[in-house]
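Written out below as structure tokens is the structure these notes cover.
FYI, it's all coordinate maths here, none of it is from the lab. The structure displayed is predicted, hence computed values, not measured ones. Methodologically, a virtual Cβ is constructed for each residue, glycine included, from the backbone with ideal geometry; neighbour enumeration extends over all protein chains shown.
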């Protein structure tokens, strides 16, 4: 019996567009980012798998202006200047009451909403974990739609929640800046490629 291999649906150039051919971007050109591009990326990323199809990821699009200045105040260190200058910033958050949607999102297993109603600690843990998974998918989807991304977890999450999530109760986990291309005048807009660990260094077979 011969081992089966996964069917390839992307060629190498397309894969490199998502991974090895791209860099984290710190500063961007001034070209504006159309929010519809973010929506298109989300519309693709939402189909990637998470636990029980819980879909806890929540997004706040922050344009330049008063809202951006509030966001900058809650960024740490060098993240402040990058966020102030970016064409568009996204606050990445999770919905702690994701269980309320489970009758619609996971009808195959009745009672999920009721089971998690009395488990706030587990809900927060699952919401945060699966939002990070969705965040990873979203970064790749944004790249697939032609955007450069600069994700950051150096944030004052509580401060962001106070200014941006007071009405809906979402919980911030990260911020990502978006643009169409790195700023050509900034030598540090994208750092040179750093070493990545090989498969043999990060895996084991038992």
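Quick notes on this structure:
- Rounded if a/c under 1.5, otherwise prolate or oblate - the chain, Cα gyration tensor axes: oblate
- A Gaussian network model of the chain, with springs between Cα atoms under 10 Å, assigns the largest mean-square fluctuation among 59, 100, 88 to 100.
- Exposure proxy ranking, count of Cβ atoms within 10 Å, fewest first, for 180, 74: 180, 74
- Look at the Cα gyration tensor of region 95-138: its axes a ≥ b ≥ c give a/c of at least 1.5 with a/b at or below b/c, and that counts as oblate.
- GNM top mover of 119, 69, 134 - the chain, alpha-carbon springs below 10 Å: 119
- Relative contact order of region 42-181, defined on C-alpha pairs under 8 angstrom at six or more residues apart (%): 34
- Distance between modelled label sites at residue 117 and residue 12, nm, 7 Å Cα→Cβ extension: 5.6
- For the pair region 55-71 and region 101-144, the centres of their Cα atoms are 21 angstrom apart.
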